1. For region 120-135, check the following and say yes or no: at least one residue is within 28 Å of residue 546 (Cβ to Cβ) and either in the same structural domain as residue 56 (by TED's automatic domain parsing) or basic (Lys, Arg) (or both).
2. Filter region 231-249 down to the residues that are loosely packed, with under 14 Cβ neighbours inside 10 Å and either touching a Cys at 6+ places or on another chain (Cβ under 7 Å) or outside any loop (DSSP other than H, G, I, E, B) (or both) and list them by number.
3. Taking region 203-223 only, how many residues are among the polar types (S, T, N, Q) and either more than 28 Å from the chain's Cα centre (by Cα) or not assigned by TED's automatic domain parsing to the domain that holds residue 248 (or both)?
4. Would you pick out the residues in region 250-264 that are surrounded by 13 or more Cβ atoms within 10 Å (Cβ to Cβ), assigned to a loop (DSSP other than H, G, I, E, B) and not hydrophobic (A, V, I, L, M, F, W, C)?
5. Given the residues 403, 414, 385, which is the only one that is modelled with pLDDT of 90 or more and basic (Lys, Arg)?
6. So, in region 217-267, exactly how many residues are more than 22 Å from residue 71 (Cβ to Cβ) and of a type in the set (A, V, I, L, M)?
7. Could you identify the single residue in 114, 186 that is surrounded by 20 or more Cβ atoms within 10 Å (Cβ to Cβ), aliphatic (A, V, I, L, M) and within 25 Å of residue 91 (Cα to Cα)?
8. Could you check, for region 294-306, whether at least one of its residues is closer than 18 Å to residue 473 by Cα and either more than 32 Å from the chain's Cα centre (by Cα) or of a type in the set (D, E, K, R) (or both)?
Amino acid sequence: MEPVTVTFTGRLEAFLEPLAAGQDGGRAAWQEAVALPTAASRWDRLLCEEALPLQLLPHQRRAVLQVLGPLEGRAILADEVGLGKTVEALLVARELMERGLAQTLLALVPAGLVGQWLWEAQRVGVPLERPGGTRSWSRAPRLITTLERARRPEVRELLTQRSWDVVVVDEAHRLQNPATLSFRLVDGLQKKYLLLLTATPMQNELRELYHLVTLLRPGHFHTLASFRRYFMLDRREPRNLPLLRERLREVMVRTTRREAALELPPRRVRVERLAPNEAEAHLLAQALAAAREAAAALPQGKGRLALVTLLKQAASSPASLAQSLERLSRRGGMLGRERAARLLAWCRQVPVSTKLEAAVRLLQEPEPALVFTEFRGTQVALAQRLRQEGWEPLLLHGGMGSREREAVLRAFARGEGRVLVATDAGSVGHNLQFCRRVINVDLPWNPMRLEQRIGRVHRYGQLRPVEVVHLVLQGSLEESILRLLMEKLNLFERVVGELELILGDAGLNVEAELAQVLAGPEPPEAVLARVGERITQAARRYEAARRRLGWLDLAEGGRP
């Protein structure tokens, strides 16, 4: 008889304590104390669930147990966008660690989602570390980084020399081509368990699906030639669907929003286009002219993003722009002391901020509200204005420690402050669904960050319609960008997560695009028109891919 390896999960006391008291520990306590990973039937419950500070949705629990049991820890998590694939992947890792089956973890995620991943990982109890020097790349047990950074030769060498228990790749559709550095990197990692997260396991052709599955389980579909023969009518149309679905169930978990029955209350978005006063209009025009003049004197690619930030501050509030200009008028920098001093003088001639007055007007309603701004200068100015009205707003910003931020959020939840004014530090990781009003004093030009703001209140657990108000100055670049995103991207009608896929496909960075043309003769509106066309094309590709995935219903009998 061959020996059986038993792994203790850390809950052995549940079995030993009754024995010490002279009682029978019982079969149930023994089964909870150990993990027998070779028996799929042992994965009938999650040992870590009782200690979690979040409530799992039924489809999430089902997905995690399926990955741990029948799929043996190697799976494509292909839930539709917005259903919590990040939490599912982290829970798989947490449960494997809880049972003593894993210790090391490498997460490869998009740069824009690193912060969200870190927060979710902390919440689930699998803290991740951003690597610094060679020592952390070589020895840290749980790392998070981007595919772009991991592909660098010196980093790739360090990562592939180690053995990893769990490797997680978000946006795994970027691995659909075996000729890419990303595919070869993940393929070359020494790994026991592998989780590939993507809402679009096939974007254009069925062979992309074949390559993704082959990366996960080499030989699962045999050769590409046999896959074509048995499962492809043409590049995009599958054949032998029942058999193909059966084979995919062995490597993939996919839940649709229909199956999850996850319906949120409606989101009502209103844009208030405000006419700037004469001094504000002049300031906006002078800021744009000064930025273009300064950009023309800078080397290609040097300092222009900082000039774009100044334009965003001008659209936010004179107080925010003045904060930067005071520093630049003393130290110089990309704008130059003379230009900075001239603009600062114009800032000080603005008698009142139209946006801040509009925010005060909207906040007259007694219901709690979450107010967002990108800049501390605007936050401070709005707080001062609200205090003049006799209110004491709560403030949340990136300069606060985690304990201080949590204290502010608890006070807001208890109703100790009717208004929470937050910078974008409050747009990631905090669940504020007890509030239903969001006012954006200014707009981040990255649509993902805008969606993150709204997502703090418009999320699972919200029971009431959500009201969102955007304050925009007429004639500003901010107004042009908002019009672009609303018309080309259907920004506020998209499901959370769709934006990421579309913008990633388009390679879109609005700030970087504008930074490159500040010094040229082309007006910003022409640049935005080109960006809009790229968004349109990327959105069409996404919608086509989503339609092509209509056959990918892996639920038995077509139901969850």
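The values are calculated or read from the model by the stated rules, or taken from the named source; none is laboratory data. Note that this is a predicted model, so its numbers are computed, not measured. Note: ideal-geometry Cβ built from the backbone for every residue, glycine included; neighbour counts use all protein chains shown.
1. yes
2. Listed by number, the residues that qualify are 241, 242, 243, 246.
3. Residues flagged as among the polar types (S, T, N, Q) and either more than 28 Å from the chain's Cα centre (by Cα) or not assigned by TED's automatic domain parsing to the domain that holds residue 248 (or both) within region 203-223 amount to 1.
4. 250, 254, 255, 256
5. 385
6. Qualifying residue count for the region: 7.
7. Just one listed residue meets the conditions, 186.
8. Among the residues of region 294-306, not one is closer than 18 Å to residue 473 by Cα and either more than 32 Å from the chain's Cα centre (by Cα) or of a type in the set (D, E, K, R) (or both), which makes the answer no.
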